[in-house]
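Taking it in order: structure first as structure tokens, then the write-up.
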Amino acid sequence: MRTLPCLIAPALLALAWCANAGAEEVVLDKLKSSTPADWKSAKPGNKFRVYQFTVPKAKGDEKDAEVAIFFFGAGSGGSADDNISRWKKMFLPPEGKKIDDVAKVSSFKAGALDYVYLDVHGTYVTKNPPFAPNAKEERYPDYRMLGVYFNCENGPYFIRLTGAAKTVEESKKGFDEWLKNFK
């Protein structure tokens, strides 16, 4: 006759596997972290995107959000301040506010890594295709971006979660845990 712990252990392992089913391991230099299970891997949109994921939209939102991880080469891509400044310029603040009223910059350490983190919201302004001189400008009201400057041995890497504010809010906890789990 089996004891209760012998019956429970396989069930717990199965639950743990199911909880991570669909998760993808992301490797930046020698550091690894598994994405939340509901993120779906997508083909990177350009040569500087090393990973790209679709994050499911929140109920009531029209579009899924996106996580993009950029790498421009070791030591390339600008400083944390350069990127924070550029990312802020991708947003128009609500009427009567300045961008710094709707943007919060923070830093944190997780393990041996230092992160610089931007949380900004407003109307997201982008061009499609990016950097093309005659590209069509697109505007998305009530959007939010979590932008992260992630420096490591051969970095830096630039990570952005961008989408409708409600979707980004629902995804923030998983995004933050994923960042903090790089080891």
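Just so you know, all these numbers are worked out from the coordinates, no wet-lab data involved. Predicted model, so just to flag it, every value in this text is computed and none were measured. Note: ideal-geometry Cβ built from the backbone for every residue, glycine included; neighbour counts use all protein chains shown.
A few remarks follow.
- Sequence-distant residues sharing a close amide H with residue 110 (under 5 Å, placed H): 115
- Note that segment 27-37 has calculated 3J(HN,Hα) couplings of 10, 10, 6, 9, 8, 10, 7, 8, 5, x, 4 Hz, one per residue in order, obtained from phi through the Karplus relation 6.51 cos²θ - 1.76 cosθ + 1.60 (θ = phi - 60°); glycine and proline are x.
- Normalised by the number of residues in segment 23-180, the average gap of Cα pairs under 8 Å and 6 or more apart makes the relative contact order 23 percent.
- Loop-located GluC sites (Glu not before Pro) in segment 94-144 whose Cβ has at most 11 other Cβ within 10 Å (DSSP): 95
- Calculated Kirkwood radius over Cα pairs in Å (choose from (1) 28.8; (2) 17.9; (3) 27.7), label: (2)
- Against the chain, whose longest principal axis comes from its Cα atoms, helix 165-180 is set at around 60 degrees.
- Within segment 23-180: Cβ-based charge dipole about Cα centre, in debye rounded to nearest 20 (Lys, Arg +1; Asp, Glu -1): 260 debye
- Helical content of the chain, expressed as a calculated mean residue ellipticity at 222 nm, amounts to -7500 deg cm²/dmol (DSSP H runs of 4 or more residues, -39,500 (n - 2.57) each, divided by residue number, nearest 500).
- For segment 53-151, applying the loop criterion from DSSP together with a ceiling of 10 other beta carbons within 10 Å to the chymotrypsin sites (Phe, Trp or Tyr not before Pro) yields 131.
- A Cβ-based charge dipole, computed about the Cα centre of segment 32-107 with Lys and Arg at +1 and Asp and Glu at -1, lands at about 220 debye.
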